[in-house]
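Asker: There's a structure below that I have some questions on.
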Amino acid sequence: MGRFEELQKKIVDRTAKVGVIGLGYVGLPLAVETIKGGYTVVGIDLHPGKIDSLKAGVSYVQDISNETLQECLATKRFYPTTDYSVIENLDAISICVPTPLSPNQDPDTSYITNVVNQLKKYMKQGMLITLESTTYPGTTEELIQWELEKLGYQAGEDFFLCYSPERVDPGNRNFNTHNTPKIIGGTTPKCIELGTALYGNLVKTVVPVSTPKVAEMSKLLENTFRSVNIAFMNEMALMCDKMGINVWEVIKAASTKPFGYMPFYPGPGIGGHCIPLDPMYLSWKAKGFRFHSQFIDIAQSINDSMPDYVLHKTVQVLNLYAKSINSSKILILGMAYKPDVDDLRESPGLELYEQFKKNGATVDYYDPHAKHFVNKAGQSVHSIDYDLERFRTYDCMVLITNHKSFDYQELADLGVAVIDTRNAFEGVEGSHIYKIGMAVSVPQQKEIVSLLA
Ligand code: SAJ
């Protein structure tokens, strides 16, 4: 029996031992689905703390409950470890490690390369290797296939290689690893057949495509699509502000179109582990082909400029009350990068915190999910408590993240000037509520007096 047939049989009869490398918000849910699929799973992660937590049945991933984790441990088919040498006993591995950007916005594929170096030491012939980390088209071929073939192995014969982009949306209550269609591209038809067979036992729908590059590019298309459309809405907000039109009402009206339109919304900028980063992977790789993606570059510059616009809007509003940002007290409401998550990565709120401070304001924040962060000065900054009497003492409140748990009427009733960057206060009355994408007109002198009253 050849290597292909042997692995195919192990996938069908569930005797294949599967490794998941990288146990974060992508890898841990994938490990859980693989265990539910009937396989023995070895979870490998660099961080001993994560492994200890998993062994103790305590989840650190928002979408995996302790109960689910403990059920996995109870099957006696889940082995968390920091030891890469277990790879030599595995039949398949999925690589779910981070792909961040370097300080100068270039792809940082060092996590993938580190895994490949371990594979070179421990991989056994006949195994299926699937990369899931979001990355530029060509990564699977250049950083995995070519590296392993230097050892004399042949992809599609001595090992089988696929790329299957993660589509995990943390906090999404409707879509999860199991029910989100999974694209998978393989180096050869046999690779695709084995990848499709394994993932077909883990998730509801598998979408085979011809090559890893097609799969890599499809993921970047998905997220660049979002970045460009969000940037367009941000530009519409800037335009409507200049033209004295309410961008939120405009978007609401356009959203009534039942076809040929898809709503996106302006905001204080874009955060998270995907949208700010993924398009940079694509534009970086395209430049190597002397192709400069104007959409990606323009979208990045518009999205990155939004914190400056929110700062300007805050200065405008304080000015209405004859206040200077310097020595004002500002409260940021919501610091996480999107509603109802505790993730602060790339959150525009962090940039605004720094800008408000740089302009002499005293800045605090309240976020029931994202409890603390380390600012640029290296100081640990903690969310203040939900204390309405204390909230009244601020000169303005800047709503950055529209968590569902906020009581917007209660906050509006404080009478403190609000700069709303998400239209979170929609339907809440109050002349002291100002929104991005809407002009702030300085009232006539007598009106200022009443504002100050
Ligand atoms: N944002 C806007 N306006 C919008 C939508 C988002 O300003 O209209 C901002 C958000 O506040 C956030 C950033 O953009 O700061 C990214 O938001 P996101 O909704 O794209 O959330 P992410 O980063 O968690 O994106 C993930 C992605 N999932 C994967 O990459 C697997 C993305 O592909 C999903 O489409 C997205 O979740 C989703 O639909 O929620």
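Asker: Only one residue in Asn402, Asn326, Asn359 is in contact (Cβ under 8 Å) with a residue 40 or more places away in the chain, open to solvent by 20 Å² or more (accessible area, probe 1.4 Å) and more than 14 Å from the ligand (Cβ to nearest atom), so which one is that?
Answerer: On the way: Asn402 fails: more than 14 Å from the ligand (Cβ to nearest atom); Asn326 fails: in contact (Cβ under 8 Å) with a residue 40 or more places away in the chain.
Answer to the selection: Asn359.
Asker: Kindly indicate the residue of region 332-352 that is assigned to a loop (DSSP other than H, G, I, E, B) and charged (D, E, K, R) and also nearest to the ligand (Cβ to nearest atom) among those meeting that condition.
Answerer: Restricting attention to region 332-352, the residues satisfying the condition of being assigned to a loop (DSSP other than H, G, I, E, B) are 334-347.
Restricting the remaining residues to those that are charged (D, E, K, R) gives 338, 340, 342-343, 345-346.
Values: Lys338: 4, Asp340: 11, Asp342: 13, Asp343: 8, Arg345: 9, Glu346: 8 Å.
Here the residue is Lys338.
Asker: Is it fair to say Ile296 is outside any helix (DSSP H, G or I) and surrounded by 12 or more Cβ atoms within 10 Å (Cβ to Cβ)? Talk me through it step by step, then tell me what you get.
Answerer: Details: outside any helix (DSSP H, G or I): no; surrounded by 12 or more Cβ atoms within 10 Å (Cβ to Cβ): yes.
When the stated conditions are applied, Ile296 does not pass them.
Asker: Right, another one. Quick check, is Tyr309 farther than 24 Å from Thr139 by Cβ and within 15 Å of the ligand (Cβ to nearest atom)? Working first, answer last.
Answerer: Details: farther than 24 Å from Thr139 by Cβ: yes; within 15 Å of the ligand (Cβ to nearest atom): yes.
Answer is yes for this residue.
Asker: Follow-up question, since we're still on this one. Just to verify a result, which residue in region 221-242, among those that are away from the ligand (no atom under 11 Å from the Cβ) and touching a residue at least 40 places away in the same chain (Cβ under 8 Å), is least open to solvent (accessible area, probe 1.4 Å)? Steps first, answer last, please.
Answerer: Residues of region 221-242 away from the ligand (no atom under 11 Å from the Cβ): 228, 235-236, 238-242.
If we keep only those that are touching a residue at least 40 places away in the same chain (Cβ under 8 Å) too, we end up with 228, 235-236, 238, 240-242.
On the way: Val228: 37, Glu235: 80, Met236: 48, Leu238: 58, Cys240: 7, Asp241: 24, Lys242: 183 Å².
Looking at residues that are away from the ligand (no atom under 11 Å from the Cβ) and touching a residue at least 40 places away in the same chain (Cβ under 8 Å), I get Cys240.
Asker: So how many residues does region 63-105 have that are under 20 Å from Thr140 (Cβ atoms), at pLDDT 95 or above and either in a strand (DSSP E or B) or not assigned by TED's automatic domain parsing to the domain that holds Asp169 (or both)?
Answerer: Residues that pass the stated criteria total 4.
Asker: Then there's this: Considering (1) outside any helix (DSSP H, G or I); (2) in contact (Cβ under 8 Å) with a residue 40 or more places away in the chain; (3) open to solvent by 50 Å² or more (accessible area, probe 1.4 Å), say which one Thr256 fails and leave the rest.
Answerer: (2)
Asker: Moving on to the next point. Would you say Gly138 is open to solvent by less than 30 Å² (accessible area, probe 1.4 Å) and on the phi > 0 side of the Ramachandran plot? Before the answer, list the steps.
Answerer: Working: open to solvent by less than 30 Å² (accessible area, probe 1.4 Å): yes; on the phi > 0 side of the Ramachandran plot: yes.
Yes.
Asker: Could you please tell me which pairs satisfy a Cβ distance under 8 Å, a separation of 6+ or placement on different chains, a first residue in region 282-296 that is assigned by TED's automatic domain parsing to the domain that holds Gly138, and a second residue that is polar (S, T, N, Q) and open to solvent by less than 100 Å² (accessible area, probe 1.4 Å)?
Answerer: Cβ pairs passing all conditions: none.
Asker: Turning to a different aspect of this structure: Quick check, is Ile270 among the β-branched types (Val, Ile, Thr), crowded, with 21+ Cβ neighbours inside 10 Å and not in a helix (DSSP H, G or I)? It would help to see each step written out before you state the result.
Answerer: Working: among the β-branched types (Val, Ile, Thr): yes; crowded, with 21+ Cβ neighbours inside 10 Å: yes; not in a helix (DSSP H, G or I): yes.
Spelling it out, Ile270 is indeed among the β-branched types (Val, Ile, Thr), crowded, with 21+ Cβ neighbours inside 10 Å and not in a helix (DSSP H, G or I).
Asker: Just the residues that are of a type in the set (Val, Ile, Thr) and open to solvent by 20 Å² or more (accessible area, probe 1.4 Å), please, taken from region 58-96.
Answerer: Those that are of a type in the set (Val, Ile, Thr) and open to solvent by 20 Å² or more (accessible area, probe 1.4 Å): Val58, Thr68, Thr75, Thr81, Thr82, Val86.
Asker: While we're looking at this one, here's another question. Taking region 273-292 as the search range and keeping residues that are more than 16 Å from the ligand (Cβ to nearest atom) and part of a loop (DSSP other than H, G, I, E, B), which one is most open to solvent (accessible area, probe 1.4 Å)?
Answerer: Of the residues in region 273-292, the ones more than 16 Å from the ligand (Cβ to nearest atom) are 283-292.
Restricting the remaining residues to those that are part of a loop (DSSP other than H, G, I, E, B) gives 288-292.
Working: Gly288: 60, Phe289: 151, Arg290: 189, Phe291: 127, His292: 111 Å².
Here the residue is Arg290.
Asker: Now for a separate question. Among the candidates Ile251, Ile302, single out the residue that is outside any loop (DSSP other than H, G, I, E, B) and free of Cβ contacts under 8 Å to residues at least 40 places away in the same chain. Walk me through how you get there before you give the answer.
Answerer: On the way: Ile302 fails: free of Cβ contacts under 8 Å to residues at least 40 places away in the same chain.
Sole residue among the options that is outside any loop (DSSP other than H, G, I, E, B) and free of Cβ contacts under 8 Å to residues at least 40 places away in the same chain: Ile251.
Asker: Sticking with this one: Inspect all residues belonging to region 161-171 and state whether any of them is within 16 Å of the ligand (Cβ to nearest atom), of a type in the set (Gly, Ala, Ser) and surrounded by fewer than 18 Cβ atoms within 10 Å (Cβ to Cβ).
Answerer: Initially, region 161-171 is screened for residues within 16 Å of the ligand (Cβ to nearest atom), giving 163-171.
Keeping just the survivors that are of a type in the set (Gly, Ala, Ser) gives 164, 171.
Among the residues that remain, those that are also surrounded by fewer than 18 Cβ atoms within 10 Å (Cβ to Cβ) are: 171.
Yes, region 161-171 contains at least one residue that is within 16 Å of the ligand (Cβ to nearest atom), of a type in the set (Gly, Ala, Ser) and surrounded by fewer than 18 Cβ atoms within 10 Å (Cβ to Cβ).
The values are calculated or read from the model by the stated rules, or taken from the named source; none is laboratory data. Everything numeric here is computed off the predicted structure, so don't read it as measured data. Cβ: placed from backbone, ideal geometry, glycine included. Neighbour counts: every protein chain shown. To get the accessible areas, we keep the full protein, side chains included, count just its heavy atoms, and leave off ligands, DNA and RNA. Shrake-Rupley method; radii C 1.70, N 1.55, O 1.52, S 1.80 Å.
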